[in-house]
Amino acid sequence: MLIYSEKHNHIVEKMTKRTLFLIGLLCATITVNAQKAMKKEAIKPIPKPQSFITTHQGVFGGKTVNYKATAKETYLTNDKGDSVASIWSVAYTKNPMGSVGKRPVTFVFNGGPGSASVWLHMGLFGPQIVNVDSEAKKDDGAAPYNLVKNKHGLLDITDIVFIDPVGTGYSRVVGKGKEKDFWGLKEDANSVTKFIRQWITENERWFSPKYLAGESFGTTRAAAVGKALEGGGQNMALNGMILISQALDYDGSTSIHDNITSYITYLPSMAATAWYHKKAGQGKTLEAFVAECRSFTYNTYTPALYKGNLLSATERNNIAERLAYFTGLDINYILRSNLRILMRRFQKQLLAEKGLAIGRLDGRFMGDEADKLSDGPHLGDAASYQISAAYTAALNHYYATELNVKMDRPYLTSNGKIGAKWRWRTVPDGSYWEPTPVNVSRALGETMRRNTAMKVMVASGYYDLITPFFDAEYTFARNGIVKERVQMTYYEAGHMMYTHEPDLIKLSADIRAFFSEE
């Protein structure tokens, strides 16, 4: 009995220790899982949305207009009603409104992706705009800058709502929102569409004529939003789109090796820029020289590119001579380039003897670079870094002094994280998808055919070396777009043609005429 008792006690003791160990392990596992679950469920705080309302008076198009400025956060919700994003917008509305059935509203955004609406706000459509050197001869320098009343503004004919997509300006994800739900081609279009519908509903503007105005990737967004507005069980038909420096088919605006389309679409812009810098086409008007280059591009250069190494030596030399004539580059350089000139190389090569690199957004700009032999500008884009400080300062000053905006975080005029994380995929995860250049032009064409009242204005700068004017012509001649309802306009500046004062005046007049053509 004694032996049995001792053995039994030993076994019980062993079992008790094992049980306690398992219980402890189980508790630890539960604790870890609970902590993980709590961490997973942790959501960003949802503060009260900010709103700043002020009243103003201004003269636009020769008419005195009383208007209200509403700078505010609008919260977007998911299907469960949870707030997931805050969209910052500034709306300028006539005060008093008058007939909503006659007063248009125009939604404005810039591009990037990752850019806030600061450029169109402080450069073209806003009640006040910043002055930079109209002739692109000098840097904007340091403060102070010159903020002026925009007498060419359009508030006499339309209300204007500036939209900053999620991650730009003051817009951000909140609550259970995730960046990936907004940083993508379709995701971005869906969120902007949701904001527009929400704004229209809250402001009782369903009967108002509705327009979109976008710049650069903002035109990509505009075409995608136009299509998205037709769905969702709330079909909203647009009256028109204003596409500034259009980027609908990225084949024509991506200068990389072996992309034949880009060699074609960029050449006339190279010719125009060479003409501006007096490297080519002297003795001819810009329009005449550009028309000559168009003809060469369509009829001679394009077939030659497709022939490639099947060209004879004589044919190659003839093509090289014509390219030298149009671009102002040395014929031997062109031959070494195999008749294919990448834009970044053109930027560096055109004024190489002066040690200057020309701008990409606007070929009129020039930057003095330390490395004179780099394969493309190494300082960045002169057309960007020479004006961006003025625009950033102007918007922050204007918000603080005119709109009385007081926020707890900086206004992001651009956000590089967005471009790095951007989702270009156009089909759901799990579906087969082979990456191709972005192309929303067919979506625009289909929207125009479903909405037979919608018209489109396309504004292009001759010296835009990012979204070339010839690409606009090439894109809008195809893709099912209804050309009879498309108005093409041209300006002797670049991507942001409104930085050139004569073109600011012309562009404003062209948009005004576009609105009046009902």
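The values are calculated or read from the model by the stated rules, or taken from the named source; none is laboratory data. Worth saying up front: this structure is predicted, and the values here are computed from it rather than measured. Cβ coordinates were reconstructed from backbone atoms using ideal geometry, including for glycine residues, and neighbour counts include every protein chain displayed. The area values use the complete protein model at the heavy-atom level, side chains included, leaving out ligands, DNA and RNA. Shrake-Rupley method; radii C 1.70, N 1.55, O 1.52, S 1.80 Å.
With respect to the cross-link table entries Lys63/Lys194; Lys186/Lys210; Lys151/Lys354; Lys227/Lys421, which display a Cα-Cα separation exceeding 27 Å? Flagged as over cut-off: Lys63/Lys194; Lys151/Lys354. Taking the Cα centre of the chain as origin and assigning +1 to Lys and Arg Cβ atoms and -1 to Asp and Glu Cβ atoms, the resulting dipole is close to 1360 debye.
The solvent-accessible area of Asp258, taken with every protein chain present and a 1.4 Å probe, is close to 140 Å². A crude spin-label estimate for the pair Ile505 and Leu335, with each label 7 Å from Cα along the Cβ direction, gives 4.8 nm.
Once ligands and nucleic acids are excluded and a 1.4 Å probe is used, how much of Tyr145 is accessible, expressed in Å² to the nearest 10? Looks like 70 Å² after rounding. Maximal additional length on extending the Asn404-Asn235 stretch stands at 57.2 nm, based on 0.36 nm per residue less the C-alpha distance. Helix 260-276 axis versus longest C-alpha principal axis of the chain: approximately 50°, rounded to the nearest ten.
Under 5 Å between amide hydrogens, built in the peptide plane, is the criterion, and for Gly167 it picks out Arg172, Val173 among residues at least 5 positions away or on other chains.
Please go through segment 41-103 and write out the trypsin sites (Lys or Arg not before Pro) that DSSP classes as loop and that have at most 11 other C-beta atoms within 10 Å.
Lys80, Lys102
The shape of segment 85-137 comes out oblate: with a ≥ b ≥ c from the C-alpha gyration tensor, a/c is at least 1.5 while a/b does not beat b/c.
Overall shape of segment 103-165 was characterised from the C-alpha gyration tensor. The equivalent ellipsoid obtained from it has semi-axes of 23, 16, 9 Å, in decreasing order. The heavy atoms of Glu202 offer some 100 square angstrom of accessible surface to a 1.4 angstrom probe. The Cα-based radius of gyration of segment 346-464, divided by its Kirkwood radius, gives an Rg/Rh of 1.08.
Mean residue ellipticity at 222 nm, helices only, the chain: -11500 deg cm²/dmol; runs of at least 4 DSSP H residues each add -39,500 (n - 2.57), and the sum is divided by the number of residues.
Kirkwood radius, the chain, all distinct C-alpha pairs, inverse of mean reciprocal distance: 25.4 Å.
For Phe52 and Thr285, the difference between the fully extended length at 0.36 nm per residue and the C-alpha to C-alpha distance is 78.9 nm.
Each Lys and Arg adds +1 at its Cβ and each Asp and Glu adds -1 at its Cβ; summed about the Cα centre, segment 369-449 shows a dipole of about 340 debye. Assuming R0 = 45 Å, can you tell me the calculated FRET efficiency for the pair Ala389 and Ile256, based on Cβ-Cβ distance, to the nearest 0.05? That gives a FRET efficiency of 0.90.
For Lys80, the aspartates and glutamates whose Cα comes closer than 17 Å to its Cα, not counting residues fewer than 8 places off in the same chain, are Glu41, Asp181.
Computed over neighbours whose Cβ is under 11 Å from that of Thr168, the net charge equals 0, Lys and Arg +1, Asp and Glu -1. Taken one residue at a time, the phi angles of segment 111-116 give Karplus couplings (6.51, -1.76, 1.60, θ = phi - 60°) of x, x, x, x, 10, 7 Hz. Gly and Pro are set to x. Projecting the Cα atoms of Met448, Tyr490, Phe469 onto the dipole axis of segment 359-493, where Lys and Arg carry +1 and Asp and Glu carry -1 at the beta carbon, places Met448 farthest toward the positive end. Across Leu238, Leu379, the residue with the most accessible area heads the list, and the full order at a 1.4 Å probe is Leu379, Leu238. So how far, in whole Å, is the C-alpha centre of segment 426-444 from the one of segment 263-328? Their Cα centres are 33 Å away from one another. In terms of its alpha-carbon gyration tensor, segment 421-504 comes out oblate; a/c meets the 1.5 threshold, while b/c is at least as large as a/b.
The protection proxy used here, the mean number of other Cβ atoms lying within 10 Å of each residue, ranks peptides 332-340, 222-230, 119-127 as follows, highest first: 119-127, 222-230, 332-340.
Taking Arg449, Arg103, Arg294 and ordering them by how much accessible surface each has at a 1.4 Å probe, largest first, produces Arg449, Arg294, Arg103. Here's the picture: charge each Lys and Arg Cβ at +1 and each Asp and Glu Cβ at -1 in the chain, and of Gly480, Ala459, Thr201 the one pushed furthest to the positive end of that dipole is Thr201. Would you please classify the overall shape of segment 44-200 from the alpha carbon gyration tensor, given that a ≥ b ≥ c denote the square roots of the eigenvalues, rounded means a/c under 1.5, and beyond that prolate means a/b larger than b/c while oblate covers the rest? Oblate is the answer for segment 44-200, as a/c is 1.5 or above yet b/c matches or exceeds a/b.
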